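S.K.: To start, I am sharing the structure in question, which I have written as structure tokens.
The values are calculated or read from the model by the stated rules, or taken from the named source; none is laboratory data. Since this is a predicted model, take the numbers as computed values, not measurements. Cβ placement follows ideal geometry from the backbone for every residue including glycine, while neighbour counts extend to all protein chains displayed. Heavy atoms of the whole protein, side chains included, go into the accessibility calculation; ligands, DNA and RNA do not. Shrake-Rupley method; radii C 1.70, N 1.55, O 1.52, S 1.80 Å.
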Amino acid sequence: MKKTNAKNLVFAVITVVITNLMLGCQTTIPVSYTEPARINMDGISKIGLISNDSSAASTVTTALTNTGKYTVVDAEPELVKKRKWQDEKDYYGRAIEIKADDLINAYTSNVMRANSNYEKKILIVQGTVTEILEKAIRLGAGNNSVDVYIIDSEIQKAASLEKGTTVTIIGECYGLKAPDLKDTGEILRILGAGQHVNIAKARFYAPPGEFIASIDAILKLNVSSSVNDESKKESRSVKNSKGETVKDANGKTVYEDVTVYRRVANVTVGYEIVNLSGTVIGSGEKSDSSSTNYEENRNELENPAKLIASAKKKPLQSIINDMIPTPRTVLVKLEKSDSKDKEVKSAMSAAKKLVSEKDYFAAAQSYGKIYAQSKDFAAGYNQAIITEISKNTDEAIVLMQALTKSTQNPKAQSMLTEMKSRSAKNKRSAEQLKK
């Protein structure tokens, strides 16, 4: 089946036409419109998808992608990136800011109090570089210092430093204890009897900025299913080897009880769309079931996977309809003229023939000409209907408004209300599909 790009959903026409063109009967014609998506997805174009069912994910992805507006990607890389950003933000948020000299002085003055305030805590330390080794730098002069052990990913930055440079680092304070790190490499030499405060797992201070997402929302799909075999007793006539019904001595049909089986699959598809701040944009749960016919041989029942696949179709389509505009068709009856004028009747019959041939433009013109000359209600009514089918909805509404005003006919008023509703839905659907 050829796929239709959903950019054109607003203008799509359902091709199944149920038309009754029997002489003397009202003609029924399909009027198409597009039902807007139930969920407001304005501002969303790139969606991250999480699903426990690959086929469901594929179905929904295809539908969203075919609109031409939405792009669907795997949400997990984005979530990993966000979790990493949040961890970094939390890490920096726990940090205590202090100058290297003030940290040295704190340990020189009172080690116990300094440990209570700083040991095993995250510190942001600013100081002047006095020594540089492969994986470590020293801040502060003389025998007292802050010894900083840099993580591997920051080594290149450390290598570019010069003595005398002022830097700001962030890391975990070990107090006066040497860091217990297998990958620390060269340990800074101990100078005299001074106090050397150790900062390990350190990096150069560069807190994360605001998280900028590459997707607009996350769609979570969860499919659950169950398959059960059911049985019942049936009374059947007994057949002989020739397939003939067996009779008893009295000529009555002989019956036997037979156990028959069927397989039933029940499927529930739940979904939730959230933006990256965690606000729920839309959610729902759809269910359906699929079953086999009853069979005497249980081993011949349909494969469970096929039944589940069949039962998933309607729930998934319903979810898709919640998220993207959906083509709809209603059947509308054209009015029969009650005019006794032979010319009007003949002209109406000719216009009806044009409708049967689906020459809607010519039919609308014919009905309009009849109405202008005779003011026949049916001609004016049908002109408006056929004009709407020709996708000139605004003009159709104007025509039906004029007819309603001039005739005060409740049929015209009712159809005008329906036309306005369809027009509003078409416009909203078009807005929803704008990039």
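S.K.: I'd like the full set of residues that are among the aliphatic types (A, V, I, L, M) and surrounded by 17 or more Cβ atoms within 10 Å (Cβ to Cβ), limited to the stretch 288-306.
M.R.: Residue satisfying the conditions is Leu301 alone.
S.K.: For the stretch 361-370, enumerate the residues that are in contact (Cβ under 8 Å) with a residue 12 or more places away in the chain and either surrounded by fewer than 19 Cβ atoms within 10 Å (Cβ to Cβ) or over 49 Å from the mean Cα position of the chain (by Cα) (or both).
M.R.: Hits for the stretch 361-370 are Phe361, Lys369, Ile370.
S.K.: Residue check: is Glu172 modelled with pLDDT of 90 or more, acidic (Asp, Glu) and within 25 Å of Arg113 (Cα to Cα)?
M.R.: Considered against the rule, which asks whether it is modelled with pLDDT of 90 or more, acidic (Asp, Glu) and within 25 Å of Arg113 (Cα to Cα), Glu172 comes out as yes.
S.K.: Right, another one. Condition (residue is without any contact (Cβ under 8 Å) to a residue 40 or more places away in the chain and within 14 Å of Ala202 (Cα to Cα)) applied to the stretch 145-154: is it met by at least one residue?
M.R.: yes
S.K.: Kindly provide the set of residues from the stretch 67-122 that are under 30 Å from Ile273 (Cβ atoms), part of a strand (DSSP E or B) and out of contact with any helix residue (DSSP H, G or I) (no Cβ under 8 Å at 6 or more places or on another chain), ordered by number.
M.R.: Of everything in the stretch 67-122, those that are under 30 Å from Ile273 (Cβ atoms), part of a strand (DSSP E or B) and out of contact with any helix residue (DSSP H, G or I) (no Cβ under 8 Å at 6 or more places or on another chain) turn out to be Val73, Asp74.
S.K.: One residue is enough: does the stretch 195-217 have a residue meeting the conditions more than 30 Å from Asp90 (Cβ to Cβ) and open to solvent by 80 Å² or more (accessible area, probe 1.4 Å)?
M.R.: The answer is no, given that none of the residues of the stretch 195-217 is more than 30 Å from Asp90 (Cβ to Cβ) and open to solvent by 80 Å² or more (accessible area, probe 1.4 Å).
S.K.: Further, regarding this structure: In this structure, is Glu76 open to solvent by 20 Å² or more (accessible area, probe 1.4 Å), under 48 Å from the mean Cα position of the chain (by Cα) and under 30 Å from His196 (Cβ atoms)?
M.R.: no
S.K.: Can you tell me which residue within the stretch 253-287, out of those that are among the β-branched types (Val, Ile, Thr) and open to solvent by 60 Å² or more (accessible area, probe 1.4 Å), is farthest from Asn222 (Cα to Cα)?
M.R.: That would be Thr279.
S.K.: Right, here's the next one. Taking the criterion of being assigned to a helix (DSSP H, G or I), closer than 26 Å to Lys435 by Cα and either open to solvent by 40 Å² or more (accessible area, probe 1.4 Å) or at pLDDT 95 or above (or both), would at least one residue in the stretch 10-26 satisfy it?
M.R.: yes
S.K.: Output the residues belonging to the stretch 46-66 that are of a type in the set (Gly, Ala, Ser) and part of a strand (DSSP E or B).
M.R.: Residues satisfying the conditions are Gly48, Ser51.
S.K.: If a residue has to be buried (at least 21 other Cβ atoms within 10 Å of the Cβ) and either of a type in the set (D, E, K, R) or not in a helix (DSSP H, G or I) (or both) to count, how many in the stretch 384-421 make the cut?
M.R.: 1
S.K.: Just to be sure before I move on: is Leu103 surrounded by 14 or more Cβ atoms within 10 Å (Cβ to Cβ), modelled with pLDDT under 95 and either over 24 Å from the mean Cα position of the chain (by Cα) or within 30 Å of Gly164 (Cβ to Cβ) (or both) in the structure I sent?
M.R.: The answer is no for Leu103.
S.K.: Can you name the residue in the stretch 327-355 that is open to solvent by 50 Å² or more (accessible area, probe 1.4 Å) and part of a helix (DSSP H, G or I) and, of all such residues, is farthest from Asn426 (Cα to Cα)?
M.R.: Only one residue fits best here, namely Lys342.
Quick grid of which residues meet (1) at pLDDT 95 or above; (2) open to solvent by 20 Å² or more (accessible area, probe 1.4 Å):
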site: Ser45; (1), (2): no, yes
site: Ile50; (1), (2): yes, yes
site: Ser58; (1), (2): yes, yes
site: Lys82; (1), (2): no, yes
site: Ala95; (1), (2): yes, yes
site: Ala114; (1), (2): yes, no
site: Leu123; (1), (2): yes, no
site: Gln126; (1), (2): yes, yes
